[in-house]
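Working notes for the structure below.
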Amino acid sequence: EPKICHWKAAKRILRYLKGSVDLGLEYKKNENFFLTGYSDSDHAGNIDDRKSTSGFVFFMGSGPISWGSKKQHFVSRSSTEAEYRSAGEAVCEAIWLRRILEGLGIPQDKPTTMYVDNEGVLKLVRNPVFHERTKHIEVQVHFIREHVLKHNIQLQFCLTAEQRADIFTKSLARDKF
């Protein structure tokens, strides 16, 4: 049952699209085409069930090639857990993209760099010991560590202000839309 608020939102989107027809994605021929990704999460952002939202974006050079946003299936007990689950989703996407690029004849000789803005995620990946605070995280989530050890993925810290996946986890202010 669409309501007046839905009609207003649709009109706002159409006005935005009409005013931005000259904008688009640009892929430059002379850039280094390294696959890089960003992964982010809010923590307990859904006010109804307190589940977090994951988001990621991947770039070839400076152009985005894949992005996504999804509500997590589980309630996370900490921001680190929410970010870790988000990074797990992003690693799945990175592995898939690497396979596609290999199939297109673009070798993936170096690890794909993925940026996260939570230092706890980096500590979890680098320290294989299960701790009291993280033992409840499912074992399959730890496949991130496996891909880091196989040199498929390299996790790097980035400041929240530089986190390009932030847009997929939080609502934009009206003036930014």
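The values are calculated or read from the model by the stated rules, or taken from the named source; none is laboratory data. Since this is a predicted model, take the numbers as computed values, not measurements. Every residue, glycine as well, gets a Cβ built from its backbone with ideal geometry; the counts of neighbours run over all protein chains shown.
In the stretch 9-25 there is no residue matching the filter, namely being in contact with a Leu (Cβ under 9 Å, 6 or more places away or on another chain), outside any loop (DSSP other than H, G, I, E, B) and β-branched (Val, Ile, Thr).
Pull up the stretch 1-50, narrow it to residues that are modelled with pLDDT of 85 or more and of a type in the set (Lys, Arg), then point me to the one that is nearest to PRO64 (Cα to Cα). It comes out as LYS18. Residues in the stretch 35-93 that are touching an Asp or Glu at 6+ places or on another chain (Cβ under 8 Å), assigned to a strand (DSSP E or B) and surrounded by fewer than 18 Cβ atoms within 10 Å (Cβ to Cβ): 4 in all. Could you check, for the stretch 121-137, whether at least one of its residues is surrounded by 12 or more Cβ atoms within 10 Å (Cβ to Cβ), modelled with pLDDT of 90 or more and more than 13 Å from the chain's Cα centre (by Cα)? Checked the stretch 121-137: at least one residue is surrounded by 12 or more Cβ atoms within 10 Å (Cβ to Cβ), modelled with pLDDT of 90 or more and more than 13 Å from the chain's Cα centre (by Cα). Within the stretch 96-104, is there a residue that is modelled with pLDDT of 95 or more, in contact with a strand residue (DSSP E or B) (Cβ under 7 Å, 6 or more places away or on another chain), surrounded by 14 or more Cβ atoms within 10 Å (Cβ to Cβ) and in a helix (DSSP H, G or I)? Within the stretch 96-104 (the criterion being modelled with pLDDT of 95 or more, in contact with a strand residue (DSSP E or B) (Cβ under 7 Å, 6 or more places away or on another chain), surrounded by 14 or more Cβ atoms within 10 Å (Cβ to Cβ) and in a helix (DSSP H, G or I)), the answer is yes, since at least one residue qualifies. Report whether or not LYS29 is without any contact (Cβ under 8 Å) to a residue 24 or more places away in the chain and part of a loop (DSSP other than H, G, I, E, B). Yes; evaluated as a whole, the condition is true for this residue. Given the criteria closer than 21 Å to HIS142 by Cβ and modelled with pLDDT under 95, does ARG85 qualify? When the stated conditions are applied, ARG85 passes them.
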